[in-house]
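Enquirer: I am attaching a structure below and will ask some questions about it afterwards.
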Amino acid sequence: MSEHEYTPKSKVGKWFNDRLPLLTLANHLTDYPTPKNLNYWWTFGGILTFCLITQIVTGLVLAMHYIAHADLAFASVEHIMRDVNYGWLIRYIHANGASMFFLAVYIHIFRSLFYGSYKSPREIIWIIGIIIYLLMMAAAFLGYVLPWGQMSFWGATVITNLFSAIPLVGEGVVTWLWGGYSVDNPTLTRFFTLHYLIPFLILGLVVLHIWALHVPGNNNPIGIDIKKPSKDTVPFHPYIVIKDGFALLMFMIVFAFFVFYTPNILGHADNYIEANPLVTPAHIVPEWYLLPFYAILRSVPDKLLGVIAMLSAILILAALPWLDTSRIRSAVFRPLYKQFYWILVADVLILGYVGAMPAEGLYLLIARIATAYYFLHFLIVLPVLGFRERTIPVPLSITEPILGGSPNLAAVKKRDNLKIQ
Amino acid sequence: MTEKKPERRDFLFTATYAVGAVGVGAVVWPMIDQMNPDASVKALASTEVDVSSVTPGKTITVLWRGKPVFIRRRTKDEITEAKSVSLKDLKHPEKDEDRAKNPEWLVMLGVCTHLGCVPLDQKGDYNGWFCPCHGSHYDISGRIRKGPAPTNMEIPEYKFVDANTIKIG
């Protein structure tokens with residue numbers, strides 16, 4: 001944690017800091033040496049923190065007006081929309097905030113995939129991140145149930161029924177989750193409780209995520225280890241704070257666009273119909289951010305295997321630091337990986353698209369191919385690529401490619417010659 | 001490593017862990033079991049339905065334990081069709097006689113065995129039910145014929161209380 005010793009200037013500060021070193025922590029956070037070549041893809045960590053706080057604050061306020069009861073929930077949401085002062089605004093921020101949260105987290109994850117941020121020594125940061133992502137999906141699902149519309153009810157029915165695929169105890173587990181023989185009031189009240197709990201679990205994990213980040217320090221676009229502090233770093237404050245702040249403003253423009261101009265475009269009209277256990281909507285579609293996994297679930301014809309495939313698609317990410325055998329972090333120096341990276345991005349987008357389409361005919365075929373490729377990428381392409389790929393020599397420091405006249409230039413040239421032979 | 005003889009302290013550790021585990025279990029179980037169906041949910045275990053208005057070829061849907069139950073009065077053609085299916089063609093082989101004690105009346109849970117959606121009446125490739133969620137096709141006996149659902153739609157416990165009343169549950 002400590003790059004250098006810190007002593008508060010004032011006497012009171014010193015007295016307090018000796019007893020609880022909060023000022024040392026604050027000093028660490030402001031002085032934290034950050035690679036000076038971080039690009040705007042690195043601003044999404046800060047944006048995600050903003051998203052989490054937004055969801056917690058708006059959620060807290062919504063909970064003051066929402067009633068978690070099967071007979072009253074739907075009406076209480078309409079009450080928030082029509083009667084509560086600024087209720088419409090708060091609810092639209094919360095609902096679209098979930099989508100913005102996922103938009104930011106997907107950019108954050110794919111940034112990590114491109115620049116190899118999950119590799120040694122940052123595996124723990126990555127795995128904590130995957131756990132946060134799983135909890136985000138749980139929170140989003142639980143929250144979507146609370147308005148008690150048709151999509152809420154049937155989404156809850158379909159997702160809880162995934163557990164019935166477990167051999168032997170499946171049915172018992174589903175009844176236990178429901179607290180009855182179908183999704184009903186007991187289900188709603190417990191979903192509300194858990195939806196309230198999870199953001200705070202995420203908050204705790206975010207602290208660990210940042211703590212784990214501050215041990216090795218940030219990865220950077222060229223993916224090399226750097227000495228900290230050195231000429232290759234700048235203090236977090238004011239440099240990164242201002243940059244993150246600017247990126248956050250840009251992000252908030254997009255956020256505000258959805259909230260004020262198309263607040264319902266990311267939702268589903270059927271959720272404005274109150275839950276009816278006798279009628280299933282014609283097309284049950286999850287929220288857009290879950291569609292790729294939904295496509296994987298549906299592409300497998302067997303119930304249990306479909307569920308296993310869907311869970312594996314997420315959990316395989318946790319094994320990524322060991323599946324990717326290349327020691328070069330950044331895709332900038334991995335010409336082949338860079339191409340496979342973009343194929344993976346396209347593959348996930350295709351899965352998302354077919355996940356929103358009916359599971360039949362050509363869509364089903366495309367979903368199956370895309371699912372197969374998704375696993376192929378992680379299980380075959382990445383491990384093999386690490387051994388086979390000819391990477392481009394990495395610079396020895398961040399300044400070297402720009403300034404050229406690095407004291408190590410001779411060493412680089414020597415190494416390059418060795419590679420060519 | 002040399003073999004260490006168990007001593008008094010080892011016994012105390014093991015005994016403490018064992019008692020501790022029982023204690024933790026005794027506290028955890030109520031926390032888990034409180035989520036299971038409570039007494040008021042269990043109390044609503046049966047429903048009586050008047051079916052006098054159901055004419056042949058018509059299906060009514062009633063709510064039982066929060067789930068839809070289809071009650072279909074089948075036509076003669078439908079009964080013939082249901083009985084003519086070879087068990088070899090079935091993913092989950094069940095005779096129609098075992099599913100509909102009185103062949104005119106098919107009483108079953110209107111819940112798709114894939115992920116729990118309500119299938120649509122008189123739709124699909126087999127003249128029975130079709131689940132719009134993930135495309136499972138059921139025949140006129142409610143048996144799965146095509147799609148991801150693993151089993152036939154479930155038959156609940158029911159009996160005719162009199163000629164016009166069915167008691168489900």
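Enquirer: Could you please find all residues in region B:96-153 being free of Cβ contacts under 8 Å to residues at least 12 places away in the same chain, more than 8 Å from every other protein chain (Cβ to nearest Cβ) and outside any strand (DSSP E or B)?
Expert: B:Asp98, B:Lys101
Enquirer: Hey, can you tell me all the residues within region B:149-169 that are modelled with pLDDT under 90 and buried (at least 21 other Cβ atoms within 10 Å of the Cβ)?
Expert: B:Ala149
Enquirer: Please work out which one of (1) in a helix (DSSP H, G or I); (2) at pLDDT below 95; (3) open to solvent by 50 Å² or more (accessible area, probe 1.4 Å) is the condition B:Pro6 fails and give its number.
Expert: Tallying (1) in a helix (DSSP H, G or I); (2) at pLDDT below 95; (3) open to solvent by 50 Å² or more (accessible area, probe 1.4 Å), B:Pro6 fails exactly one: (1).
Enquirer: Hey, another quick one. Hey, which of the helices (runs of 4 or more DSSP H) in region A:300-373, taking only ones fully inside, have at least 2 residues that are within 14 Å of chain B (Cβ to nearest Cβ)?
Expert: Answer list for region A:300-373: A:303-315, A:335-356.
Enquirer: Another question, then. Restricting attention to region B:50-88, which residues are aliphatic (A, V, I, L, M) and loosely packed, with under 13 Cβ neighbours inside 10 Å?
Expert: B:Leu87
Enquirer: Scan region A:276-299 for residues that are within 15 Å of B:Ser136 (Cβ to Cβ) and more than 8 Å from chain B (Cβ to nearest Cβ) and jot them down.
Expert: Across region A:276-299, the qualifying residue is only A:Leu297.
Enquirer: Starting from region B:58-73, keep only residues that are more than 10 Å from every other protein chain (Cβ to nearest Cβ) and part of a strand (DSSP E or B), then list their pairs with residues that are open to solvent by less than 30 Å² (accessible area, probe 1.4 Å) and basic (Lys, Arg) whose Cβ atoms are within a distance under 9 Å, requiring at least 6 positions of separation or different chains.
Expert: B:Lys58/B:Arg72; B:Thr59/B:Arg72; B:Ile60/B:Arg72
Enquirer: Name every residue in region A:324-362 that is in contact with a Gly (Cβ under 9 Å, 6 or more places away or on another chain) and farther than 17 Å from A:Ser299 by Cα, in order of residue number.
Expert: Listed by number, the residues that qualify are A:Asp324, A:Thr325, A:Ser326, A:Arg327, A:Ile328, A:Arg329, A:Ser330, A:Ala331, A:Val332, A:Phe333, A:Arg334, A:Tyr337.
Enquirer: Which residue, of A:Ile265, A:Ile253, A:Ile222, A:Ile242, is of a type outside the set (S, T, N, Q) and either in contact (Cβ under 8 Å) with a residue 40 or more places away in the chain or open to solvent by less than 60 Å² (accessible area, probe 1.4 Å) (or both)?
Expert: The conditions single out A:Ile222.
Enquirer: Going through region A:43-98 one residue at a time, which ones are polar (S, T, N, Q) and open to solvent by 20 Å² or more (accessible area, probe 1.4 Å)?
Expert: The answer is A:Thr49, A:Thr54, A:Gln55, A:Asn85.
Enquirer: Pull up region A:261-275, narrow it to residues that are among the hydrophobic types (A, V, I, L, M, F, W, C) and within 24 Å of A:Val183 (Cβ to Cβ), then point me to the one that is farthest from the other protein chains (Cβ to nearest Cβ).
Expert: A:Leu266
Enquirer: Got a number for residues in region B:115-131 being open to solvent by 20 Å² or more (accessible area, probe 1.4 Å) and touching a Ser or Thr at 6+ places or on another chain (Cβ under 7 Å)?
Expert: 1
Enquirer: Give the residue, chosen from B:Lys146, B:Lys101, that is out of contact with any strand residue (DSSP E or B) (no Cβ under 8 Å at 6 or more places or on another chain), of a type in the set (Lys, Arg) and either closer than 21 Å to A:Val300 by Cβ or open to solvent by 10 Å² or more (accessible area, probe 1.4 Å) (or both).
Expert: It is B:Lys101.
Enquirer: Something else: Which count do you get for residues in region A:170-191 that are open to solvent by less than 10 Å² (accessible area, probe 1.4 Å), at pLDDT below 95 and more than 9 Å from chain B (Cβ to nearest Cβ)?
Expert: The number of residues fulfilling the criteria is 1.
The values are calculated or read from the model by the stated rules, or taken from the named source; none is laboratory data. What you are looking at is a predicted structure, and each value in this text was computed from that prediction instead of being measured. In this analysis, Cβ positions are derived from the backbone assuming ideal geometry, glycine residues included, and neighbour counts consider all displayed protein chains. The protein model used for the area step is the full one, side chains on, heavy atoms only, and it has no ligands, DNA or RNA in it. Shrake-Rupley method; radii C 1.70, N 1.55, O 1.52, S 1.80 Å.
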